[in-house]
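Inspection log for the structure reproduced underneath, given as C-alpha cells.
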Amino acid sequence: MQVYKKDSPEEKTSGYDEILTAALSLTPEARAQLADQLLASLDGEDQKEIDAAWGEEAERRIQEIREGKVETIDGESVMKELRSRFK
C-alpha cells in the first residue's frame, strides 16, 4: 500500500490551483473520467495482473453459486451476526 504525504505549501503551486479549478469546471462525466485516469496512473506495475486475478476469482465464485456449491447469505444477516459478536 502506498502512503502519500500531504503537499507542502511549496508543492501546492498556482499551477495546481489552476488545474483544480479547470477540473472542477468540467461536467460530472468528464470529471469522473479524469479521476479514473488519475487513479489509474497511481497503480503499480502489476495492477493489471491483480485486476485479472480478481476478475477470475469473481467468475469462479459466481459459477460456484450457480452450481449450488455454496450458499449465499444476505448482507443484512451477515451484519447482524457481526454486530452480535462485538457487543
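A short reminder: the numbers here are calculations on the coordinates, not readings from a lab. These figures come from a predicted structure and were not determined experimentally. Here the Cβ is made from the backbone with ideal geometry for all residues, glycine too, and neighbour counts use every protein chain on show.
Seen from residue 36, the other residues with C-beta closer than 14 Å to its C-beta sum to a net charge of -2, counting Lys and Arg as +1 and Asp and Glu as -1. Residues in the stretch 62-67 carry Karplus couplings, in order, of 4, 4, 5, 5, 4, 7 Hz; the curve used is 6.51 cos²θ - 1.76 cosθ + 1.60 with θ = phi - 60°, and Gly or Pro positions show x.
Only one of the values (1) 65; (2) 16; (3) 30 was calculated from this structure for percent of Cα pairs over 21 Å apart; name its label. Here the calculated entry is (1). Using only side-chain charges placed at the Cβ, +1 for Lys and Arg and -1 for Asp and Glu, the dipole size of the chain relative to its Cα centre rounds to 600 debye. Projecting the Cα atoms of 75, 38, 27 onto the charge dipole of the stretch 14-85, computed from C-beta unit charges around the Cα centre, puts 75 farthest toward the positive end.
Remark: the stretch 31-41, residue by residue, has Karplus-estimated 3J(HN,Hα) of 5, 5, 5, 5, 4, 4, 5, 5, 5, 4, 5 Hz, where x stands for each Gly or Pro and the curve is 6.51 cos²θ - 1.76 cosθ + 1.60 at θ = phi - 60°.
Just to be sure I follow the definition: excluding the sites themselves, where is the longest run in the chain that has none of the GluC sites (Glu not before Pro) in a DSSP loop with at most 13 other Cβ atoms within 10 Å?
12-44
Taking label positions 7 Å along the Cα-Cβ direction at both residue 67 and residue 84, the computed distance is 3.2 nm, reported to one decimal.
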